[in-house]
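The values are calculated or read from the model by the stated rules, or taken from the named source; none is laboratory data. What you are looking at is a predicted structure, and each value in this text was computed from that prediction instead of being measured. Note that each Cβ is placed from the backbone with ideal geometry, even for glycine, and that neighbours are counted across all protein chains shown. For accessibility, only protein heavy atoms count, side chains too; no ligands or nucleic acids. Shrake-Rupley method; radii C 1.70, N 1.55, O 1.52, S 1.80 Å.
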Amino acid sequence: MKIKQRQLFFFLACVAPVGKLVLLPSDLVFRAKNDLIFPALANLLLQAAVIFLVLLLCKREKSLFALLEESVGRIAATIIVVILSLFLLYAAILPLNEQKLMVQSVFYDTLPSLVVFSPFFLFGAYLCSKPLFCLGRVWDILGPVAIVSFIGIIVFALGGTDFKALQPAGAAGAAGFFGGTAFTMSWFFDSVLVLSLVGKVEYKKGIAWKGLLCYLAGAAAVILFLAVFYAVYGELAVSRLFAFSKISRYFSGISVLGRIDYLFIYALGLVMAFYSVMPVQAAVDTLGDAFGHKKKLTPVLSTAFNVMFLVLAFLLNFQYQSMQKFISEYAFWIFPLFTLVLPPLFLLTRRKSRE
């Protein structure tokens with residue numbers, strides 16, 4: 001069984017953008033010196049270009065490990081896949097901790113975050129024990145949910161916007177642009193997630209350019225959200241965390257109807273939950289391709305990785321800023337290496353010659 005094209009397009013256009021709506025907006029304002037649109041656009045366009053190249057691999061209808069095994073041999077292919085899986089686990093650190101902070105601050109602000117969030121790893125362990133193609137059915141549901149929720153939040157927020165706050169564009173100069181682009185790359189790893197889906201997606205002619213257009217549609221939604229976010233808060237945006245849960249509170253009807261925007265916030269939070277677990281699920285599935293999808297291997301890896309992240313959440317409970325600074329600043333180069341440089345290289349893998 002494979003993921004349908006429709007389901008992949010739902011992921012690219014509707015699910016992947018949601019991962020950029022939690023802490024990225026305020027961090028972008030800080031890194032880019034209030035000129036947040038162009039750095040975000042640069043990262044999104046880079047990801048779109050690489051995703052287009054990765055989707056060209058789907059034509060071969062073989063898993064990433066199978067392509068590597070044909071080209072460089074089983075041992076080298078296993079090493080490469082293990083390294084790629086380690087990166088996926090590394091990339092999952094920020095989304096999972098973002099999820100924990102969001103649950104604590106937005107949904108259960110009066111209870112200890114670890115007590116509330118620990119059951120999330122049971123959900124993660126269950127989801128990671130399933131093969132990646134099972135996500136196709138999930139995306140069929142999450143795609144429309146994300147669209148309706150996003151539109152609802154944006155419509156509610158428009159009443160409190162002042163788009164003049166975005167002017168003059170480019171005022172931060174080269175320092176703001178390059179700083180905002182480089183130090184926020186830790187939120188942009190969709191190309192590697194798509195790479196893990198190679199061989200698991202049903203191939204039809206035109207999948208690459210259609211996937212590109214879908215991702216660009218999702219990128220446009222992210223840019224719209226960032227513009228609305230800054231138009232609502234202006235220079236105060238740098239201190240407004242969990243942007244997606246706050247910009248809609250200025251809807252005039254809330255004083256009469258109450259926080260009906262929470263319907264959209266909770267729905268979008270559900271989409272975020274699946275997206276934040278996907279890097280771990282991709283790591284488990286990719287390792288399964290390398291070592292064989294043995295009956296006990298997948299649940300063991302799924303449990304081990306989620307226990308590891310639970311322990312990490314406990315150890316870093318009050319250290320998110322230090323952790324995020326290390327990943328986004330000091331070790332920012334890891335993300336362009338794995339998300340921009342490495343994926344296109346797989347196009348160089350050659351097919352097994354016929355004897």
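Values as computed for the structure displayed
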{"read-out": "Per-region count, the range 235-247, residues open to solvent by 10 Å² or more (accessible area, probe 1.4 Å) and touching a residue at least 60 places away in the same chain (Cβ under 8 Å)", "value": "6"}
{"read-out": "Residues satisfying the stated conditions in the range 54-65, i.e. of a type outside the set (D, E, K, R) and surrounded by fewer than 18 Cβ atoms within 10 Å (Cβ to Cβ)", "value": "Leu56"}
{"read-out": "Single unsatisfied condition, Phe188 versus (1) at pLDDT below 90; (2) within 30 Å of Gly234 (Cβ to Cβ)", "value": "(1)"}
{"read-out": "Helices (runs of 4 or more DSSP H) lying entirely in the range 265-355 (those with 2 or more residues that are of a type in the set (Val, Ile, Thr) and open to solvent by 70 Å² or more (accessible area, probe 1.4 Å))", "value": "297-315"}
{"read-out": "Index of the failed condition, Lys100 passing every other in (1) open to solvent by 20 Å² or more (accessible area, probe 1.4 Å); (2) under 24 Å from Trp187 (Cα atoms)", "value": "(1)"}
{"read-out": "Residue match in the range 298-315 (condition: small (Gly, Ala, Ser), within 30 Å of Gly73 (Cβ to Cβ), modelled with pLDDT of 90 or more and out of contact with any helix residue (DSSP H, G or I) (no Cβ under 7 Å at 6 or more places or on another chain))", "value": "yes"}
{"read-out": "Which listed residue, of Ala231, Ala227, is surrounded by fewer than 22 Cβ atoms within 10 Å (Cβ to Cβ), out of contact with any Ser or Thr (no Cβ under 6 Å at 6 or more places or on another chain) and under 15 Å from Ile153 (Cα atoms)", "value": "Ala227"}
{"read-out": "Unique match (being closer than 27 Å to Leu301 by Cα and in contact with a Cys (Cβ under 7 Å, 6 or more places away or on another chain)) among Leu12, Leu64", "value": "Leu12"}
